[in-house]
Amino acid sequence: MNERYSRQILFSDIGREGQEKLIASRVLIVGCGALGASHAEMLARAGVGKLRIVDRDFVEFTNLQRQTLFKESDAADRLPKAVAAKTRIAEINSEVDVEAIVADVNNSNVESFLDGVDLVLDGTDNFQVRYLLNDACIKNGKTWIYGAAVSSYGTTMTIIPGETSCLRCIFEEMPDAGSSPTCDTAGVIMPIIASISAVQVTEAIKLLVGKRGELHGSLMQIDIWANDWRKIKLAGPQPDCPACDKRNFEFLDAESQEFAAVLCGRNAVQVAPPKSVQLNLKELSNKLAALGDVKQNEYLVRFSTDGKEITVFPDGRAIIKGTDDITEGRSLYAKYVGN
Ligand SMILES: [Zn+2]
């Protein structure tokens, strides 16, 4: 083994044996924004042999403040994040094999991405995909490490099917569309990304080298600005959990998917949440006011930014003008409405 990993091998809980396990491991990273790019860089430097990175977005200049791996030329070239990450990782550690997949994770493909991986790291920016991942991982017995960060706070938990609570054991219902702040509406600072990602990646390394006894075993919440660190101890799978107990994986069913369709001839995409909601249009227009031109009346909020016009209705439905790409429409919805 080359000297690249010598300092990590000196760390006795990893050692030479642990390093060999890392090199033989394969990890799936879902979403390669701020959290996902940070996971990918740390795992690549640590020598995890195979990384599968799935992301639907392109690099933008607004990403560069917090998303490691990406540089100005990636944003200028509008490179897909998964592809830009693969290129950068090849420069950092050419021994790591990166499979870059440019795709929107949905109920029809999520299980195929789990194929052959040892564990899954959450780098997504929306609950739609997290509930889908939770179902897919519980169903297929894959450990996944949930992580989310916005503003200066974040949350993470390590979910081992059959051993720990899952996302639905704790939050049975997915939050309503438009009810949660996003990095694109509430902002975000890089240190909380680094903190949450550091906990997620450390948990991944412990699992990959077989040190399960060292896992934090909690729902961990950090507010890096308020200096607040909390651990809520996790119980096992809950007796009435729809996923763990009833094995009812409803997010894998097409009906519970967010609906998205191209509006023919209008250069527009319609996105609707799986269940209709009662949006507070005034609150939404206040959230968006700093980000672009916003008009609001009692029927809708119309928001223009970067050549796109997003019209949001009180039931959570949105029409995104300026694209006929469903993936881009879903991505803009996740950023500006939140799901
Ligand atoms: Zn559960």
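General remarks:
- When restricted to Cα atoms, segment 116-269 yields an Rg and a Dmax of 16.6, 57 Å, respectively.
- DSSP finds beta bridges in the chain, and of those with both partners inside it, around 70 percent are antiparallel.
- Low-density loop cleavage sites - chymotrypsin sites (Phe, Trp or Tyr not before Pro) in segment 277-339, where at most 14 other Cβ are within 10 Å (DSSP): Y299
- For the chain, adding -39500 (n - 2.57) for each run of n ≥ 4 DSSP H residues and dividing by the number of residues yields -9000 deg cm²/dmol at 222 nm.
- Its residue count N fixes a reference of 2.2 N^0.38 Å for the chain, and the Cα radius of gyration divided by that reference is 0.99.
- Loop-resident sites, segment 133-191, for GluC sites (Glu not before Pro), counting at most 10 other Cβ within 10 Å (DSSP): E173
- Gain in span if fully extended, D77 to V262, counting 0.36 nm per residue against the direct Cα distance: 64.1 nm
- Distance between segment 265-339 and segment 181-249 - C-alpha centres, whole angstrom: 29
- Accessible surface area normalised per residue over the chain is 44 Å², counting heavy atoms of protein chains with a 1.4 Å rolling probe.
- Taking all protein chains together and rolling a 1.4 Å probe, T158 ends up with roughly 10 Å² accessible.
- Note on the chain: GNM, Cα springs under 10 Å; of A204, A37, A289, the largest mean-square fluctuation is that of A289.
- Orientation-averaged projected area, Cα convex hull of segment 206-339 (nm²): 12.6
- Beta bridge orientation in segment 20-102: antiparallel %, DSSP, nearest 5: 10
- Carbon-plus-sulfur accessible fraction, the chain (probe radius 1.4 Å, protein heavy atoms only): 49%.
- Beta bridges by DSSP in segment 30-180, antiparallel share as percent, to the nearest 5: 40
The values are calculated or read from the model by the stated rules, or taken from the named source; none is laboratory data. The structure presented is a predicted model; accordingly, all values stated were derived computationally and were not measured. Cβ atoms come from the backbone with ideal geometry, glycine included; neighbour counts cover every protein chain shown. Areas reflect the complete protein model, heavy atoms only, side chains present, ligands, DNA and RNA absent. Shrake-Rupley method; radii C 1.70, N 1.55, O 1.52, S 1.80 Å.
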